[in-house]
Amino acid sequence: MADSTHPEPERSIIERLNILRDIDIDQRNDLGDQPKHKGLKIALCLICSLLLWVFSSMSEIYSKIIEVDTRIENLASEEAFLTLPPDKIQLHVKGEGLSLIQLYYNPPKVVIDASDTEINLIDVVARNLPAPIQIERVTPPIFILQKEERMDKKIPIILNADINTPLTYDLVQEPSIFPDSVVVSGASSLIEQINEWPTELFAAEEVKDTLSFEVNLVDSLNGLVDLSIMQTQLLLVAEEFTEGGRDIEVLINDVPSIQDYVTLDPPVVEVTYRVPLSQYYLANDARDFFLFVSIDDIRDDTTGYVTPHLELPEGILFRDVNIEPDKLRYYDVLLDE
């Protein structure tokens, strides 16, 4: 008669389990419970502990301070801000750790409706935050939008530049910019006070050719004024210069009659100058190069010396012109009463 306590199928299962247990014991004995298997088990335990700690921490409640950006909408085209709304606001929030992490790495944009005058930022923020997050404080909590009628005005651009050339070079014309004006747009009370707009400081060293640069306009009013352009083109033209000189006889103008006679001392003076290298021979050979003294200057003089006047040829670029001597004595004057 079969044993009713242990049916045949159950006995078969127990026998198989015993066999597997014996095999596992044999394998552990063969491996000798090597250190690398112990290290793996310890690492797995640490990882599991860390994961449990993370999941436990993420479910706890924390407080956090977060900065979020703002965006302006619905500003009428005929209006402009007198003071700008804050571009960032500070949030003091509370919530589960996981929700705060998501908020920190994916903060919402807070939309400010410019069609209103008084903006309650607490209400605005509340509409942009996920439900699990609680707002404790918003800085600033309320903002008043200050707006005025928009005004446009065309004003000149003022170049702010520091240009240097090598010793033997010089600019042959004043630095020029194009365009030389800009249209500014903003609140009328601000625009009325603006009569020119500067560029950022532009510096150029060793300029000795024709060069063109882009120069930025400044944004000194922090976005309260809109500019029709943000850059202008600067043109610099430089050439090599050389020194030259000529001895010129001093003429006397406006002598009333032949009875008047004046002797100048010296009658010939030296004129030195700098000209572009390409115009050196033109300056030396030019005939319309005059020095003269007016008879009226002699009549009115009380010092015994007069200063000659210089007329330079047209079409030649003279720089650093010097007359030596720059004052002349005169004598043997015979004037009609």
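The values are calculated or read from the model by the stated rules, or taken from the named source; none is laboratory data. In this text the structure is predicted, and so the values were computed from the model without any measurement. Methodologically, a virtual Cβ is constructed for each residue, glycine included, from the backbone with ideal geometry; neighbour enumeration extends over all protein chains shown.
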Open item on the list: If I filter region 33-60 down to residues being surrounded by 11 or more Cβ atoms within 10 Å (Cβ to Cβ) and in contact with a helix residue (DSSP H, G or I) (Cβ under 8 Å, 6 or more places away or on another chain), which single residue comes out as modelled with the lowest pLDDT?
Closed with: MET58
Task: region 290-314, residues that are under 46 Å from the mean Cα position of the chain (by Cα) and either surrounded by 16 or more Cβ atoms within 10 Å (Cβ to Cβ) or without any contact (Cβ under 8 Å) to a residue 12 or more places away in the chain (or both) - done: LEU312
TODO: Return only the number of the condition from (1) β-branched (Val, Ile, Thr); (2) part of a strand (DSSP E or B); (3) within 29 Å of the chain's Cα centre (by Cα) that VAL93 does not satisfy.
DONE: (3)
TODO: Considering (1) more than 44 Å from the chain's Cα centre (by Cα); (2) surrounded by 13 or more Cβ atoms within 10 Å (Cβ to Cβ), say which one GLU324 fails and leave the rest.
DONE: (2)
Open item on the list: Considering only region 71-80, I want to know if a residue exists there that is of a type in the set (A, V, I, L, M), in a strand (DSSP E or B) and not assigned by TED's automatic domain parsing to the domain that holds GLY186.
Closed with: yes
Task: Test set (1) in contact with a Ser or Thr (Cβ under 8 Å, 6 or more places away or on another chain); (2) β-branched (Val, Ile, Thr); (3) under 25 Å from THR168 (Cβ atoms); (4) in the same structural domain as ILE163 (by TED's automatic domain parsing) - THR210 fails condition number - done: (1)
- [ ] For region 102-115, name all the residues that are surrounded by 14 or more Cβ atoms within 10 Å (Cβ to Cβ) and over 30 Å from LYS147 (Cβ atoms).
- [x] GLN102, LEU103
- [ ] Take region 312-335 and flag every residue that is of a type in the set (Lys, Arg) and outside any loop (DSSP other than H, G, I, E, B).
- [x] ARG319, ARG329
Open item on the list: Given the condition of a type outside the set (S, T, N, Q), under 30 Å from TYR62 (Cα atoms) and in contact with a strand residue (DSSP E or B) (Cβ under 7 Å, 6 or more places away or on another chain), answer yes or no: does some residue in region 141-156 qualify?
Closed with: yes
